[in-house]
Protein chains: 2
Amino acid sequence: MPKILKKSSVYKSKLFNINEAKIEFHNETLTYEIISGTGNGAVLIIPIIDNKIIFIKEYAAAVDDYMLTLPKGKIDSNETIYEAADRELQEEIGFKSNKMKFIKEIYLAPGYIDHVTYMMLAESLEPSSLIGDEPEDLEIIQVEIPRISTFLGKNKIIDSRVYAAVNYIQNNYE
Amino acid sequence: MPKILKKSSVYKSKLFNINEAKIEFHNETLTYEIISGTGNGAVLIIPIIDNKIIFIKEYAAAVDDYMLTLPKGKIDSNETIYEAADRELQEEIGFKSNKMKFIKEIYLAPGYIDHVTYMMLAESLEPSSLIGDEPEDLEIIQVEIPRISTFLGKNKIIDSRVYAAVNYIQNNYE
């Protein structure tokens, strides 16, 4: 196993921390740049209702276009992943869950981003809303589980974490 | 559609560029932080041989552990995506492809990272090696297509782009 000899921050903004890590392998020592979030990670929620998954379409600033994603958001300080997931669900799609379950951790590109997203499964939904901080209304799309693959094929910009969620659903609900 | 009023770099390192974008929505103007790569994006290759996919396990610096991924790497300047994919294939798994095809673009977390990975399908493989810049040998794992879901379930740290690749394969090769 390689060994991290030294890790230090070279830049910190409101959201991101860029670190430099000196890592020793068998024959050489290399320097890597690593992006860390400044928070506690995020939750991504798979809401299931009547054998359908609730997706959202949301403006994605980095690509200046709309992306297909699922309800998600940063975990606030002193929030558990369950609390964060239930809050985001109420803010983004107007439901709360009476059966929220942690499924697994998702890593974006673990070679250089240490960001962790906690994938949550939300069943037994009932209407309940909270005001979120979204700058515009989100488009909400319910898709029957057997039709998800066809639906994904019609979307160009998809949050990579959606594929992890779909993989879980297709292995467990079809 | 929201409108980007202004976008400016606030920090630039060897690999990353952090931008601030002022974005106008119907009722408010917000400032977003966006991470851009400094290069031309990356390729991720799905190598298929005898109805098996060739995965790799590689040290992932940001999480200080081994991750499951596919052959991939940055596109060098003046390389096409096909050339980059064929080079990475030869460096990382010792094959070249006589049938390389571009499938789709993958976005990590398009809300705040503009990084694009070009997903490539590599068929008709034949042995051919190039020396890469990997600091240690990569573990290479061939998995039969019908067994991929079970195989993924046994790995804790998985590059999110692997799920996008697996989704493609399961829809087209099963």
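A compact table of results
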read-out	value
Reachable lysines from A:K14, criterion Cα separation under 24 angstrom, eight or more residues apart if same chain	A:K6, A:K72, A:K74, B:K3, B:K6, B:K7, B:K12, B:K14, B:K22
At 7 Å out from Cα toward Cβ: A:Q142 inter-copy label distances (nm, ascending)	4.7
Net charge dipole size for chain B [Lys, Arg +1 and Asp, Glu -1 on Cβ; Debye, nearest 20]	600 debye
Radius, Kirkwood style, for region B:28-114 when every pair of distinct Cα atoms is counted (Å)	14.9 Å
Pairs of Cα atoms farther than 18 Å apart, region A:42-172, %	52 percent
Surface/4 of the Cα convex hull for the protein assembly as shown, nm²	17.5 nm²
Cβ-defined net charge surrounding B:H26, 11 Å radius [Lys, Arg +1; Asp, Glu -1]	-3
Per-residue HN-Hα couplings for region B:44-55 [Karplus 6.51, -1.76, 1.60; θ = phi - 60°; Hz; x = Gly/Pro]	10, 10, 9, x, 10, 9, 6, 6, 10, 9, 9, 8
Placed amide H near B:D65: partners under 5 Å, 5+ positions off or other chain	B:A60
Max mean-square fluctuation residue, GNM over chain B, Cα-Cα springs under 10 Å, options B:N40, B:N78, B:N51	B:N78
DSSP-loop trypsin sites (Lys or Arg not before Pro) across region A:97-174, with at most 14 other Cβ within 10 angstrom	A:K154, A:K156
Amide proton proximity set for B:G94, modelled H, under 5 Å, gap of 5+	B:L130
Residue-wise HN-Hα coupling along region B:148-159, computed from phi with Karplus coefficients 6.51, -1.76, 1.60 (Hz; x: Gly, Pro)	4, 4, 4, 4, 4, x, 8, 10, 8, 10, 10, 4
7 Å along Cα→Cβ, label-point gaps from A:H26 to other copies, nm, shortest first	6.1
Karplus 3J(HN,Hα) series, Hz, for region A:27-41 with 6.51 cos²θ - 1.76 cosθ + 1.60 (x for Gly, Pro)	10, 7, 10, 10, 9, 10, 9, 10, 9, 10, x, 9, x, 10, x
Within a Gaussian network of chain B (alpha carbon springs, distance under 10 Å), most fluctuating of B:M67, B:M120, B:M100	B:M67
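Computed from the coordinates by the stated procedures, all read-outs in this text should not be read as laboratory data. Since the model is a prediction, treat every value here as computed from it, not as a measurement. A quick note on method: Cβ atoms are made from the backbone with ideal geometry, for glycine too, and the neighbour counts reach across all protein chains shown.
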